Amino acid sequence: MKFLNIVNIELYKIFRKPRTYIAFGAVAAIVGLIQLGFYADGDSYMQFGLQSFTDSFDIQGNIMNGYLMAYIILQLLLVHVPLLVALVAGDMISGEAAQGTLRVLLTKPIRRSTLILAKFTASGIYTIALLLWMAVWALGISMLVFGVDDMLILKSDSATQIMASDVMWRYLAAFVFAAIALLTVSALSFFLSLFAENSIGPIMATMSIIIVFTILNTLDLPIFSSLKPFLFTSHMLGWKGFFDVTVNENNEQIIGSIENLRAVLYSAGILFLHIVGFLVASILIFRKKDIMS
Amino acid sequence: MLSVNHLSKSFGSFQAVNDLSFEVNQGEVYGFLGQNGAGKSTTIRMILSLIRPTSGNIEIFGKSLYAEREAILQRIGAVVEKPDLYRYLSGYENLSLFAKLSANRISKAEIMDCLALVGLDKRAKDPVRVYSQGMKQRLGIAVALVHNPDFIILDEPTNGLDPQGIADIRNLILMLSRDRGKTILVSSHLLSEIEQVADSMLIINKGKKVVEGKVNELVNPEKLQLEIVSTDNPKALELLSETVWSKSTSRSTAHRISVEINAGEVAALNKYLVDNNIGITSLRSMNSLEAYFLSLTSGNEVS
């Protein structure tokens, strides 16, 4: 009861802060701009993307549909959304320390571990709310504006066609995966916020870690290859695995198939372990931390 | 009510609190006195379990603080240093939010009563960011009082307040003690504040206990600290060095002489200097407790 009470209080504080709505506004603005751009000039973009296929294939239907639009948006945004997540998660402890309210909170009869769990839960709820907001804009609005049809995903050397009836559950799974990925960022930022007395530090540190890890990921050098499986950023785009399908002997998509489910689950597992690790470390450190702010 | 035993706290090589022991009895207002940086806030933070002592232990309500932290904190209300609150929330929202962290259910009426007690009921809906320093201080005290604690800890509650604000807080402390029977630990570097509200007090310096006792016993009205300004201070100093007051005479500033003296000897000292052709421009008795405090915290420790 006390835990839920504190979660409620933390959510109340999060959603009473103007900065919380920056993230929601930014997502709506960015997604809206991308949709506007594609609505105005999407056909020429698709023609450019499909030019290597049109000689060999006859492509008909609404290619530039809401499903593809959502895929493009998620691909673009899920790299940048961690900043928006860190804005709140990185502020959870350090922001309270900066304004001096952390010591007021801790003079109240609540366990430190309960407070950390409640604060993490509240920042997780914010993260998921932001993701749902993104889903509404990226998928919901795109479906309304661009309509629905089979989904054609273009890659550098191939194209995957997914039947329209087989798309929605993949998005649901992809958003669940994205939630785990963003909760990992949230947990990292939350953990870093234990060590700072202003929220800029943890937010910048979180973004720096993500940028450095992403660069290490993209550098195709043997020295970094052994590191890559252990970098959580290597697994953050695992949601795309839900859009890799298998085909039968007639080269037709097998409905409900995932090409490499094991890899997707492995990535989700690694991310989940990171969340647990950061949370446990946060609790252990916070329980013994001297509150000097 | 509170028993602090051999409490020490180090930050690296800096010893903030050094083997400090004292007791606060039920129903009393206990003054915790020391200059800035003496270790008052560090001690209070340890009493509230905000920081862990390097050694020593604390018992409150007869229970070990670290074994029964939550049960103890349920019965304590505290303001530590500044009364920091959520600036984007109103006074009422702040109080309501902290009230929810109590194990007791606190009604809206009780929250409004608490705001009225500190004189903020008419500004309850205003955001804290527009509150004056005095209003924030009073709201901080309301946060400490909202769950009706038995033991109240106020760390420098008059810091940054104007004279009226200081008087308001002083009256509130006295009211809480006399009318509601609360036990109060109040820290300050202002001796006059402690003298006016406290029954007992502890003076610490550089993290160590200097003296502890009943305020009326520590303040000896028979002993005065005289500040003398004369027409010839060097000669006056020389003359005094040949008297019984020589050991308690010092130059307090370039133009003043300080003498610790019994009240009955002031006239004799004055006559002695005048008879020796020293004109007395000013003869002023400093606050006895202040003089006492300054003498204690200037290096002389009392066991």
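The values are calculated or read from the model by the stated rules, or taken from the named source; none is laboratory data. On a predicted model such as this, the values are computed, not experimentally measured, just so you know. No Cβ is skipped: glycine too gets one built from the backbone with ideal geometry, and neighbour counts run over all protein chains shown.
List of remarks:
- The one condition in (1) within 11 Å of chain A (Cβ to nearest Cβ); (2) surrounded by 18 or more Cβ atoms within 10 Å (Cβ to Cβ) that B:Leu65 fails to fulfil: (1)
- Of A:Leu33, A:Leu4, A:Leu11, all but one fail to be loosely packed, with under 13 Cβ neighbours inside 10 Å, hydrophobic (A, V, I, L, M, F, W, C) and within 14 Å of another protein chain (Cβ to nearest Cβ); the exception is A:Leu4.
Yes/no per residue for (1) closer than 17 Å to A:Gln99 by Cβ; (2) free of Cβ contacts under 8 Å to residues at least 60 places away in the same chain:
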position	(1), (2)
B:Ile106	no, yes
B:Ala109	no, yes
B:Pro127	yes, yes
B:Lys136	yes, yes
B:Ala142	no, yes
B:Asp150	no, no
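- Failed item, numbered, when A:Gly61 is tested on (1) under 27 Å from the mean Cα position of the chain (by Cα); (2) at pLDDT below 90; (3) not hydrophobic (A, V, I, L, M, F, W, C): (1)
- Scanning region A:157-181 for residues that are part of a helix (DSSP H, G or I) and not small (Gly, Ala, Ser) yields A:Asp166, A:Met168, A:Trp169, A:Arg170, A:Tyr171, A:Leu172, A:Phe175, A:Val176, A:Phe177, A:Ile180.
- Filtered residue count, region A:193-214, keeping only those that are over 18 Å from the mean Cα position of the chain (by Cα) and surrounded by fewer than 24 Cβ atoms within 10 Å (Cβ to Cβ): 7
- Extreme residue, farthest from the other protein chains (Cβ to nearest Cβ), among residues of region B:37-57 that are among the β-branched types (Val, Ile, Thr) and within 26 Å of B:Leu191 (Cα to Cα): B:Thr43
- Matching residues in region B:100-118 - criterion: being in contact with a Leu (Cβ under 8 Å, 6 or more places away or on another chain) and either within 23 Å of A:Lys2 (Cβ to Cβ) or outside any helix (DSSP H, G or I) (or both): B:Leu101, B:Ile111, B:Cys114, B:Val118
- The residues listed here are A:Glu197, A:Glu259; of these, the one that is without any contact (Cβ under 8 Å) to a residue 24 or more places away in the chain, assigned to a loop (DSSP other than H, G, I, E, B) and out of contact with any His (no Cβ under 8 Å at 6 or more places or on another chain) is A:Glu259.
- Residues in region A:75-132 that are among the polar types (S, T, N, Q) and more than 18 Å from A:Ser199 (Cβ to Cβ): A:Gln75, A:Thr107, A:Ser113, A:Thr114, A:Thr121.
For every residue, the table says whether it meets (1) of a type in the set (Gly, Ala, Ser); (2) at pLDDT 95 or above; (3) part of a helix (DSSP H, G or I); (4) touching a Ser or Thr at 6+ places or on another chain (Cβ under 6 Å).
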residue	(1), (2), (3), (4)
A:Ala70	yes, no, yes, yes
A:Leu84	no, no, yes, no
A:Ala97	yes, no, yes, yes
A:Ala118	yes, yes, yes, no
A:Leu131	no, no, yes, no
A:Ala138	yes, no, yes, no
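- Restricting attention to region A:14-30, the residues that are in a helix (DSSP H, G or I) and either among the acidic types (Asp, Glu) or at the interface with another protein chain (Cβ under 8 Å from one of its Cβ atoms) (or both) total 1.
- Residue within region A:75-91 that is closer than 30 Å to B:Ala67 by Cα, within 14 Å of another protein chain (Cβ to nearest Cβ) and out of contact with any Asp or Glu (no Cβ under 7 Å at 6 or more places or on another chain) present: no
- Residue pairs whose Cβ atoms lie under 8 Å apart, separated by 6 or more positions or on different chains, with the first residue in region B:52-81 and free of Cβ contacts under 8 Å to residues at least 12 places away in the same chain and among the small types (Gly, Ala, Ser) and the second surrounded by 14 or more Cβ atoms within 10 Å (Cβ to Cβ) and not in a strand (DSSP E or B), are B:Ala71/A:Pro109.
- Verdict on B:Gly31 being touching a strand residue (DSSP E or B) at 6+ places or on another chain (Cβ under 8 Å), part of a loop (DSSP other than H, G, I, E, B), more than 7 Å from every other protein chain (Cβ to nearest Cβ) and in contact (Cβ under 8 Å) with a residue 60 or more places away in the chain: no
- Test result for A:Tyr21, modelled with pLDDT of 90 or more and in contact with a strand residue (DSSP E or B) (Cβ under 6 Å, 6 or more places away or on another chain): no
- All positions within region A:245-266 that are at pLDDT below 90, under 13 Å from A:Arg170 (Cα atoms) and surrounded by 15 or more Cβ atoms within 10 Å (Cβ to Cβ): A:Val245, A:Ile258, A:Glu259
- Residue in region B:79-99 that is assigned to a loop (DSSP other than H, G, I, E, B), surrounded by 20 or more Cβ atoms within 10 Å (Cβ to Cβ), within 11 Å of chain A (Cβ to nearest Cβ) and of a type in the set (A, V, I, L, M) present: yes
- Which listed residue is of a type in the set (A, V, I, L, M, F, W, C) and either part of a helix (DSSP H, G or I) or away from chain A (no Cβ under 14 Å) (or both), from B:Ile169, B:Ile152: B:Ile169
- A:Asp149 satisfies every condition listed in (1) away from chain B (no Cβ under 13 Å); (2) within 23 Å of A:Ile22 (Cβ to Cβ) except (2).
- Selection status of B:Glu301, of a type in the set (Asp, Glu) and at pLDDT below 75: yes
- One residue stands out among those in region B:183-199 that are surrounded by fewer than 21 Cβ atoms within 10 Å (Cβ to Cβ) and in contact with an Asp or Glu (Cβ under 8 Å, 6 or more places away or on another chain): the one that is farthest from B:Ile76 (Cα to Cα), which is B:Ser192.
- Of all residues in region A:216-237 being in a loop (DSSP other than H, G, I, E, B) and either touching a residue at least 24 places away in the same chain (Cβ under 8 Å) or of a type in the set (D, E, K, R) (or both), the one that is farthest from A:Leu77 (Cα to Cα): A:Asp220
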